[in-house]
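Let me begin by presenting the structure, written as structure tokens, before commenting on it.
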Ligand code: SAM
């Protein structure tokens, strides 16, 4: 029987699937450049194989609580940036944060993420500390708690860890200091954000980071270096997605920000998930809401490309329209129960399952702890 000769791309995928192989930057970039069609399909299939081997076909859930959109930062791409005067601002009370987070227990999500604009004033640090203690006490420690609240002092990270949170997600946004400088005002520091990731780990947290793809001026080589950055950081979890313009931001008003189609952005986001899965293997990788903003089945496609974490929204409908990081954010008119139904249906559609009531730490974290 005649067998088809393997292409160099097939051989590279085969190499990526071997254990104990560290792909080079050009190899990572070549995977990211997979041609549309057969190569891209094979890339996603290989990433799914790697996911099945290391984290299984089990979706880990994190109910997300968008606790406030007051932000001291002025990132050029973000809808809740300080200078966006059109944004109606809110901050949940301690009671509202706690009650919303506890819905995550009621829904058997096992784990929640408290996310919001960046604030480091004493009142905010106390608010989060108090809410964490109450969530931990009322759930009797059963609910896993991730924070995504930006750059803080080492002392704040230590206080929030002691109060009951155990994972922290802080996207580096881009591991290229030059690109980082182009998408942030001059008083935002790449070095400070990078240092914060070390402070987060030193405080005891499992560490998550991530980037945006599709940024104006970003190259495939930049994205390949982002993936190498995740590997070098030895991080436990990844949350990343394509940049989606917001019209009331400086970047969103640049013509070059709006060149890509939704399907090009989706494909870039899926390729980043797939190649990150092949390179980092046993970490948790989120299939983020940004993918769903680009296609109704974006979240499922993220899972099929190697993602294993989904973050259903727990926030009340009254706040959802105010947490608009980018245009066309999905789910702004559904309540937490409807978000849950939509999620369960999409997981079922792709033949995966949910492990209820589990913290769902990444196997990578377990191995890293074992080495310490
Ligand atoms: N303040 C926290 C921080 O800085 O990490 C968490 C909230 S912040 C809004 C969460 C993430 O939203 C950012 O890390 C960024 O990557 C993402 N984001 C903001 N604007 C976006 C946009 N226009 N398109 C896609 N993602 C965006």
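Since every read-out is calculated from the coordinates, none of them should be taken as a lab result. Predicted, not measured: the structure shown is a model, and the values here were computed from it. Cβ: placed from backbone, ideal geometry, glycine included. Neighbour counts: every protein chain shown.
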*In Å and from the alpha-carbon atoms only, list the Rg and Dmax of the stretch 25-101.*
20.4, 51
*Alpha carbon convex hull of the chain, projected area averaged over orientations, nm²*: 18.2 nm²
_Between helix 262-280 and the chain: long-axis angle, C-alpha atoms, 0 to 90°, nearest 10_ = 80 degrees
*asked:* Report the Cα centroid-to-centroid distance between the stretch 261-303 and the stretch 85-118 in angstrom, as an integer.
replied: 24 Å
_Ordering of 164-171, 38-45 by packing [mean C-beta count within 10 Å, highest first]_ = 164-171, 38-45
*Tell me, what is the percent relative contact order of the chain, built from C-alpha pairs under 8 Å that lie six or more residues apart?*
24 percent
_Ranked packing of 278-286, 21-29, most packed first, by mean Cβ within 10 Å_ = 278-286, 21-29
*Which whole-number percent is the relative contact order of the stretch 1-81 (Cα, under 8 Å, 6+ apart)?*
18 percent
*asked:* Suppose we look only past 21 Å in the calculated P(r) of the stretch 1-149. What percent of the Cα-Cα pairs does that tail hold?
replied: 63 percent
*Would you please classify the overall shape of the stretch 227-336 from the alpha carbon gyration tensor, given that a ≥ b ≥ c denote the square roots of the eigenvalues, rounded means a/c under 1.5, and beyond that prolate means a/b larger than b/c while oblate covers the rest?*
oblate
*Of the listed peptides 359-370, 108-119, what is their order by residue-averaged count of other C-beta atoms within 10 Å, with the highest listed first?*
108-119, 359-370
_Two-decimal ratio, the stretch 140-190, of alpha-carbon radius of gyration to 2.2 N^0.38 Å_ = 1.46
*Which values of log₁₀ I(q)/I(0), to two decimal places, follow from the Debye formula for the stretch 90-138 at q = 0.16, 0.19, 0.22 Å⁻¹ with a uniform point scatterer at every Cα?*
-0.44, -0.61, -0.79
*Which shape class, rounded, prolate or oblate, goes with the stretch 288-346 when its Cα gyration tensor gives a ≥ b ≥ c as root eigenvalues, a/c under 1.5 marks rounded, and past that a/b bigger than b/c marks prolate?*
oblate
_Degrees, to the nearest 10: 38-54 long Cα axis against longest axis of the chain_ = 60 degrees
*asked:* Looking only at the chain, where both bridge partners belong to it, what percent of the DSSP beta bridges are antiparallel (to the nearest 5)?
replied: 5 percent
*Based solely on C-alpha atoms, express the radius of gyration and the Dmax of the stretch 57-116 in angstrom.*
14.3, 43
*Write down, largest first, the equivalent ellipsoid semi-axes of the stretch 1-52 in whole Å, where each equals the square root of 5 times an eigenvalue of the alpha-carbon gyration tensor.*
18, 14, 13
_Largest-first principal axis extents, alpha carbons of the stretch 200-269, Å_ = 42, 25, 18
*Out of 121, 222, 236, any idea which swings most in a Gaussian network model of the chain, alpha carbons joined below 10 Å?*
121
_For a test of the definition: using alpha carbon positions, the gyration tensor, and the 1.5 limit on a/c, classify the stretch 100-208 as rounded, prolate or oblate._
prolate
*asked:* If you restrict to DSSP beta bridges whose two residues both lie in the stretch 1-150, what percentage is antiparallel, to the nearest 5?
replied: 10 percent
*For the Cα atoms of the chain, what angle does the longest principal axis make with the long axis of helix 220-233, in degrees from 0 to 90, nearest 10?*
60 degrees
